[in-house]
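Q: Below you'll find the structure I mean.
Rule-based calculations on the coordinates, nothing more; no lab input. Note that the structure is predicted; figures quoted are calculated from it, not measured. As a convention, Cβ positions derive from the backbone with ideal geometry for all residues, glycine included, and neighbour counts pool all protein chains shown.
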Amino acid sequence: MTAARPGAGAGAATLDAVRTSDDPATPRPGDAFRHAPKAEGEPIRTFHPRRATLGERRTDALERLWPRYGFSVHDPELGLPPTRPDGTLDAAALFGREAPLVLEIGSGMGDATVVMAAADPGRDYLAVEAHLPGIANLVAMLDEQGLTNVRVAHGDALDLARRVLAPDSLDAVHVYFPDPWPKARHHKRRIIAPAHVALLRSSLTVGGTLHCATDWEPYAEQMLEVVDADPGLTNPHGGYAPRPEHRPVTRFERRGLAAGRAVRDVIATRTA
Ligand SMILES: C[S@@+](CC[C@H](N)C(=O)[O-])C[C@H]1O[C@@H](n2cnc3c(N)ncnc32)[C@H](O)[C@@H]1O
């Protein structure tokens, strides 16, 4: 089965790719979305490229709804996003309108995305996630709720920012409960790190916000330090921000609170 891609406006994507792979041994639903092994010299990944296990509901959702809501950051077979002549994301073509754009990095199962996008119909939301079950869950919820202001990117958010997003194009970047990578030897995998934040800041418009949240205190401290050290960001709160009501509670927040951990929000504005 081959379908046109009305939502993303990119080239045709072969949806059989959702169901099987060319791996003759043990094809699994979603195999076509597997991440290629990291190439020599490629920047470090902030996620574990796990092979996905998809149940029937998510396999069906992905197969049916991927052409409407999804694009791949890196794989033309799965459909790349529409781009402008300079090669950067054409958000107006992707969403079918001009509106401020919010990037949600590591949207997980998509619980926060659907709540925030439903409450904020004047802005468009681009959720980017490396893990396929979360992507499939999110597109299923978008369809069930009839949301039109969300699109979903599969792949590495940093790759998306490096190669696809135009500078000065985002109204906000959300990074909620990023993987804390608690072991010292893994700290280099944290997404909130100076070089990554400089990249994300350059994708924001001046006046746009970077909003991070975590229940891992040492990471919260790192978030504050990184934001404070970035020459183009200003933290209007001076330290942690009061928990904003618009950030929905997800299972990561509940789990942290249940374990007695404080949840911290760090919100900074691009000022230069
Ligand atoms: C701990 S989960 C949090 C999910 C969600 N934000 C929430 O609060 O429920 C972190 C997610 O970030 C994703 N992730 C980590 N690095 C990423 C990257 N560079 N690009 C896309 N997704 C990433 C992981 O796959 C994981 O699903």
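Q: Of the peptides 253-264, 150-161, how do they stack up when ordered by the mean number of other Cβ atoms within 10 Å, highest first?
A: Per-residue mean Cβ counts within 10 Å order the peptides as 150-161, 253-264.
Q: Provide Rg and Dmax in Å for the range 110-176, with only Cα atoms included in the calculation.
A: Reported Rg and Dmax, both Å: 11.9, 33.
Q: Further question: Counting DSSP beta bridges with both partners in the range 167-271, what percentage is antiparallel, nearest 5?
A: Counting only bridges with both partners in the range 167-271, antiparallel ones make up about 60 percent.
Q: Among 224, 83, 195, whose Cα sits farthest toward the positive end of the charge dipole of the chain (+1 at Cβ of Lys/Arg, -1 at Cβ of Asp/Glu, about the Cα centre)?
A: Of the options given, the answer is 224.
Q: Can you tell me which of 226, 128, 249 moves the most in a GNM of the chain? Springs connect C-alpha atoms under 10 Å apart.
A: Result: 249 has the largest fluctuation of those listed.
Q: I'd like the per residue volume of the convex hull spanned by the Cα atoms of the chain, given in cubic angstrom.
A: Numbers: hull volume 38.5 nm³, N = 272.
Per residue, the Cα convex hull of the chain comes to 142 Å³.
Q: Just to confirm the number: angle between the C-alpha axis of helix 217-229 and the first principal axis of the chain, 0 to 90 degrees, nearest 10?
A: 80 degrees
Q: Considering only DSSP states other than H, G, I, E and B, which GluC sites (Glu not before Pro) in the range 139-247 qualify as loop sites with at most 12 other Cβ atoms within 10 Å?
A: 245
Q: Could I ask something else about it? Evaluate the Kirkwood expression for the hydrodynamic radius of the range 167-271, namely the inverse of the mean inverse distance over all pairs of different C-alpha atoms, and round to one decimal in Å.
A: 13.9 Å
Q: Quick check on the chain: helices-only [θ] at 222 nm, where DSSP H runs of length 4 and up contribute -39,500 (n - 2.57) each and the sum goes over total residues. Nearest 500, please.
A: -8500 deg cm²/dmol
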